[in-house]
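Engineer: Please find one structure pasted underneath; my questions will follow.
No value in this document is a laboratory result; all are computed from the given coordinates. Predicted, not measured: the structure shown is a model, and the values here were computed from it. All Cβ positions, even for glycine, are placed from backbone atoms using ideal geometry, and neighbour counts span all protein chains on display.
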């Protein structure tokens, strides 16, 4: 090949990249430190880079915000909480390594596992071995706590759970089905474990509540597929009366945008379980009116002052609105600080016992309270609702709250059918 | 005669290395040291096996993680199915990766360098998307969950961190000895000739296809073993094991250490792991820092650290002579 | 598999119109990225593993420019030209240093670029996914032909990409610049001896390739979400296109891109879970039967 002059500034290019690197290092690790001695250390492996960085960033934001409040109020008899956050880059093996390192080298008192399901299960295996008290903040996969083989004394889930959403969604959709006689359904969900499970569960409960529903077609885009045109055209060909989707975040935005270009929302009712999350709602320009959505996080639901205050406070600090991951992480701080106060120390067994069955006042509760259910160590009683979208703030109206007695009843049946209860 | 001698020599060195590394780790029993030993064995083996392709054969594979991940999944699935002992499952997992490497290799090794690099990448992405979609078998994106059972065999209990560290170190050293024998054998010499002078090799009537395919299968099989260790280490298997980033990291490790020096990839692995752990502790901009380091290395040195040192040393010696 | 559904689609005018237009749009957008990749390979002998990253940058530049000016044209220009500049800088300061070295060096430099750019993008634009507004002028009801649906913006996309495809094919085939470039690809020494600055030609070709990727990113910003790391899946598809079409061949890239587009649009009806597999299968077949690709002359 040709000759090239080497004179021009390799060095300055390298210098620039080194400077960028140095700039990047400031401000991390994020440690919320208070005064006082012997802080209570919480380790938090999560995803801060790559496609789902938003998960870790909003989780961390909420944890830092709530921990600061706790520390400002004097902590636990003057002992502040210190949080160490590290990036697993979404690699489960890294999540496991970081968790282990936090336990052995940083000697954390407990873990906030900020990983989604895949990394969450990896961390789960680590703490099963080490017996470290662990709160899973972002894993929605039902089996994590519902399957007794996965359960052990020191791991708790402070997150919504797939099966709860499916029952609530099925019950809501069935009402609409009855009112408008929507019998021909199609689905468009991402082709991976979460998408498959959630869709199957939703359809199961939809059919249980509205037996005349027929599924006439399915299309399964792969996770993070860049373009959904082919799936949209498949749906327009099928001419269904209603469409269900558990696409989420960027994938959902792309789908909705392309589907509205095809006029799909004029043709069919759309049920999107993951639509009502601010990052999604704000990115969909020209949000179609009347799309049915479950609440991921909404500052107007539950409609209580505490919830609105949380959203405004978060917005003031981070110039953006909270996500579903944010309310879950905040709830984890609320629960653990309550347990710490009860126990008066950090003994993991005592804390675990305090957490079991703990009910606290919460702005995210269906009736002002959330509970860490003792039998399977998972969060229940949080607000679940469905409503329809409008194009401007508050984006979703006519929220119908789900009924937890219905959820509990069907969840119990579901567990029995799985041989888990 | 000479090969048997070097065989013994290698074994001896390996045994000494084992004693020097594993025994103190075992005695100390510090979890962090043991963890590092296991990870070093896993990635060291991955990098060493990849260098059989890149360094010895001159085939730059960007899809080596496909075999790493396949080994992990095959082993994890066999153990979860029950009825398999650990050694048998390891052999079966390696056989499976060998077969997979045979199929993919048959399609890829005929091609020129550049085609080869990105076809291996493309097949890896295909396998990755199969693993993501085939939820009933692989658990999809959540990976193989529920833990990998590790029934004790021959008095070795891989559920114990110390046993696992010793076992991983043993697998690494045994593989390194085997790889060294392969590289120094007539077969290895043939691979180098194919790399440096394919016309001459063809003139001698050698089948480029068969030699390269054999190297591809061997490298894939050892990567499969590394994957087995990984699934033992994390007690599961995850799609990221066979994502392109894992392949990228393996190449990064080789580049850090050196391509022409036999043990270069191991040095690179150690540097990479230490760097990786330090960087994740201080910044969330892992990619920026690692990318800059890589760029400096590639454009500055244009070779691995050990390559650079060895070349510089040779040059000095020649100057003196 | 649902081949009955596919057959009934092929027999219905409305379904044909919808799927053919969708396939064309998907295919032509892919062509913009793949043609740059194949051009760079053909002339520079370099596989640009960072090509998907350029596509991603195009989207980011476009959405920022649109946010600032509200002009669709400015946004497209920012995407295309901005990425062309980034591409030129990349070529001059990084890639030109490794011409003629082995694939390993190319791969590592591109890998480093991907790592760095993804992180810089995260620092500048944040880790959240973003989306560019679709200008109101394009936000019209879809066009209905024989019962088939074609979104208005897709018509625009089709027009722009088709024009570029023609210009590109004509430019490489018939113009003096095109002939010089093709000559430089075969024998850079000879072209250099004729007093033509090959370094400038290489830079120009890389710049054009980058610009095409940037434009593709910009054009898709209103209909696809923009997120760090979005380039990888585009890259793999472009690779498949270049292999099927033949490395270095613009016509091959065009044929293969459309083939992929139609595989996607009709596959979603006939074999929805196998569209991905079908693309790989086609690639494997090409490699076995005609390794130089459908339109390629270069030895694979």
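Engineer: Give or take rounding to whole Å, what are the principal axis extents of the alpha carbon atoms in the range C:163-214, in descending order?
Structural biologist: 35, 22, 14
Engineer: Need one number: % antiparallel among DSSP beta bridges in the protein assembly as shown, to the nearest 5. Could the numbers behind the result be given before it?
Structural biologist: On the way: 22 of 55 bridges.
DSSP beta bridges in the protein assembly as shown are roughly 40 percent antiparallel.
Engineer: Measuring from a point 7 Å past the Cα of residue C:8 along Cα-to-C-beta, which residues in the range A:206-229 have an amide N at less than 20 Å?
Structural biologist: Output list for this probe position: A:213-220.
Engineer: Also, I was wondering about something else. Okay, helix-only estimate at 222 nm for chain B: each DSSP H run of n ≥ 4 adds -39500 (n - 2.57), divide by all residues, round to 500 deg cm²/dmol; what do you get?
Structural biologist: For chain B, the value works out to -25000 deg cm²/dmol.
Engineer: Mind sorting A:285, A:178 by how few other Cβ atoms lie within 10 Å of their own Cβ, fewest first? Intermediate values should be presented prior to the final figure.
Structural biologist: Values: A:285 17, A:178 12.
Ranking A:285, A:178 by Cβ neighbours within 10 Å, fewest first, gives A:178, A:285.
Engineer: Based solely on its DSSP helices, what 222 nm [θ] is calculated for chain C when runs of n ≥ 4 H residues each add -39,500 (n - 2.57) and the sum is averaged over all residues, nearest 500 deg cm²/dmol?
Structural biologist: Mean residue ellipticity at 222 nm (helix-derived): -24500 deg cm²/dmol.
Engineer: Figure the gain on full extension for residue A:69 and residue A:286 (residue separation times 0.36 nm, minus the Cα-Cα span) and round it to one decimal in nm. Can you show the working numbers first?
Structural biologist: Details: separation 217, 0.36 × 217 = 78.12 nm, distance 3.75 nm.
Gain on extension, residue A:69 to residue A:286, equals 74.4 nm.
Engineer: Can you compute log10 of I(q)/I(0) for the range C:182-249 with the Debye formula, treating each Cα as one identical point scatterer, at q = 0.21, 0.23 Å⁻¹?
Structural biologist: Treating every Cα as an identical point scatterer, log10 I(q)/I(0) equals -0.98, -1.05.
Engineer: Hey, how many Å between the Cα centroid of the range B:102-150 and the Cα centroid of the range A:262-326?
Structural biologist: If you average the Cα positions of each part, the centres end up 37 Å apart.
Engineer: Moving on. Once you keep just the Cα pairs under 8 angstrom separated by 6 or more residues, what percentage relative contact order results for the range A:270-421?
Structural biologist: Once divided by the residue count of the range A:270-421, the mean separation gives 22 percent.
Engineer: May I ask you to sort C:44, B:301, A:182 by Cβ crowding, counting other Cβ atoms within 10 Å and putting the fewest first?
Structural biologist: Exposure proxy ranking, most exposed first: B:301, A:182, C:44.
Engineer: What's the angle, to the nearest 10 degrees (0 to 90), between helix C:152-174's Cα axis and the longest principal axis of chain C?
Structural biologist: 30 degrees
Engineer: Considering the convex hull of the alpha carbon atoms of the protein assembly as shown, report its projected area averaged over all viewing directions, in nm², one decimal.
Structural biologist: Values: hull surface 173.1 nm².
Projected area, direction-averaged: 43.3 nm².
Engineer: Can I ask one more? Looking at the square roots a ≥ b ≥ c of the eigenvalues of the Cα gyration tensor of the range A:325-421, which shape do they give, rounded for a/c under 1.5, prolate if a/b is larger than b/c, or oblate? Display every interim value, and only then the final one.
Structural biologist: Numbers: a/c = 2.93, a/b = 1.36, b/c = 2.16.
Oblate.
Engineer: Using only C-alpha atoms and all pairs of different ones, pull out the Kirkwood radius for chain A in Å with one decimal.
Structural biologist: Values: mean 1/r = 0.0442 Å⁻¹.
Taking the inverse mean of 1/r over all distinct Cα pairs, chain A comes out at 22.6 Å.
Engineer: Could you calculate the FRET efficiency of residue C:187 with residue A:239 from 1/(1 + (r/R0)^6), where r is the beta carbon distance between them and R0 is 41 Å, rounded to 0.05?
Structural biologist: Working from the Cβ atoms, E equals 0.10.
Engineer: Normalised by the residues of chain A, what does the relative contact order come to in percent, with Cα pairs under 8 Å and at least six apart?
Structural biologist: 14 percent
Engineer: Taking the range B:2-243 on its own, what percent of its Cα-Cα pair distances exceed 34 Å?
Structural biologist: 18 percent
Engineer: If you don't mind, another one. Which residues in the range A:338-368 have a backbone N closer than 19 Å to a point placed 7 Å from the Cα of residue A:107 along the Cα-to-Cβ line?
Structural biologist: Only A:345-349 fall inside the zone, counting backbone N under 19 Å.
Engineer: Still on this model: Rank these for me by crowding, C:234, C:123, going from fewest to most other beta carbons within 10 Å. Can you show the working numbers first?
Structural biologist: On the way: C:234 26, C:123 14.
Arranged by neighbour count, lowest to highest, C:234, C:123 become C:123, C:234.
Engineer: Right, another one. Taking 0.36 nm per residue of separation and subtracting the Cα-Cα distance, what length does fully extending residue B:154 through residue B:99 add?
Structural biologist: 17.0 nm
Engineer: Same structure, new question: Quote the FRET efficiency, to the nearest 0.05, computed for residue B:18 versus residue B:184 with a Förster distance R0 of 22 Å and r equal to the Cβ-Cβ distance.
Structural biologist: E(calc), rounded to 0.05, equals 0.60.
Engineer: Still on this structure, please answer the following. Where does chain A land at 222 nm, in deg cm²/dmol rounded to the nearest 500, when only DSSP H runs of n ≥ 4 count, each adding -39500 (n - 2.57), divided by all residues?
Structural biologist: On the way: 15 runs with 193 residues, N = 421.
Estimated from H runs of four or more residues: -14500 deg cm²/dmol.
Engineer: Over the range B:2-243, what relative contact order in percent results from Cα pairs under 8 Å that are six or more residues apart?
Structural biologist: This gives 41 percent for the range B:2-243.
Engineer: Let me ask something additional. Please report the equivalent ellipsoid semi-axes of the range C:16-231, computed as sqrt(5 x eigenvalue) of the Cα gyration tensor, largest first, in whole Å.
Structural biologist: Numbers: eigenvalues 199, 97, 40 Å².
They are 32, 22, 14 Å, listed largest first.
Engineer: If you don't mind, another one. Pop the C-beta distance of residue A:129 and residue C:159 into the FRET formula with R0 = 51 Å and round what comes out to the nearest 0.05.
Structural biologist: Taking R0 as 51 Å, the efficiency between residue A:129 and residue C:159 is 0.25.
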